[in-house]
Amino acid sequence: MIVGVGIDVVDIARFVRQVERTPRLVDRLFGDGERGLPAASLAARFAAKEAVAKALGAPVGLRWTDVVVVREDGGRPRVEVSGTVAARAAELGVERFHLSLSHDAGIASAMVVAEGA
């Protein structure tokens with residue numbers, strides 16, 4: 001059963017400008033394994049975090065670092081949740097997330113499906 005769907009797009013150049021203006025933003029948004037990636041990859045991961053929040057109903061109080069995008073051995077992106085995000089997912093009965101990322105022509109995008117039993 002689909003519990004929620006979220007989609008987000010990020011203008012990569014705008015994202016880079018924001019990070020340059022506020023360097024600590026990277027620490028507030030990304031986990032250890034995400035920091036240091038190219039700008040387009042960070043923008044896509046930020047879009048994924050937004051998409052996860054939307055799939056969960058965009059409740060107040062979710063921590064950005066409680067959503068981490070990791071790569072499986074074959075390169076497929078996967079969402080890992082903890083803390084505030086895991087708690088909200090459990091409250092809604094979410095058992096797994098499906099994630100698609102893309103970045104092209106200056107835009108990064110992410111689509112998330114939250115699935116339950």
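The values are calculated or read from the model by the stated rules, or taken from the named source; none is laboratory data. In this text the structure is predicted, and so the values were computed from the model without any measurement. We place every Cβ from the backbone using ideal geometry, glycine too, and count neighbours over all the protein chains shown. The accessibility values were calculated without ligands, DNA or RNA, using every heavy atom of the protein model including side chains. Shrake-Rupley method; radii C 1.70, N 1.55, O 1.52, S 1.80 Å.
Only residues that are open to solvent by 20 Å² or more (accessible area, probe 1.4 Å) and in contact (Cβ under 8 Å) with a residue 12 or more places away in the chain were counted across segment 16-44, and they come to 8. Only residues in segment 90-109 that are free of Cβ contacts under 8 Å to residues at least 60 places away in the same chain and among the acidic types (Asp, Glu) count as the first member; pair them with residues that are open to solvent by less than 40 Å² (accessible area, probe 1.4 Å) and assigned to a strand (DSSP E or B), Cβ under 7 angstrom, at least 6 apart or cross-chain, and list the lot. Listed pairs, sorted by first residue: GLU95/GLY116. Of all residues in segment 52-62, those satisfying the criterion of being at pLDDT 95 or above and within 17 Å of SER82 (Cβ to Cβ) are VAL52, ALA53, ALA55, LEU56. Residues in segment 26-41 include none that are part of a strand (DSSP E or B), among the hydrophobic types (A, V, I, L, M, F, W, C) and under 22 Å from PHE15 (Cβ atoms).
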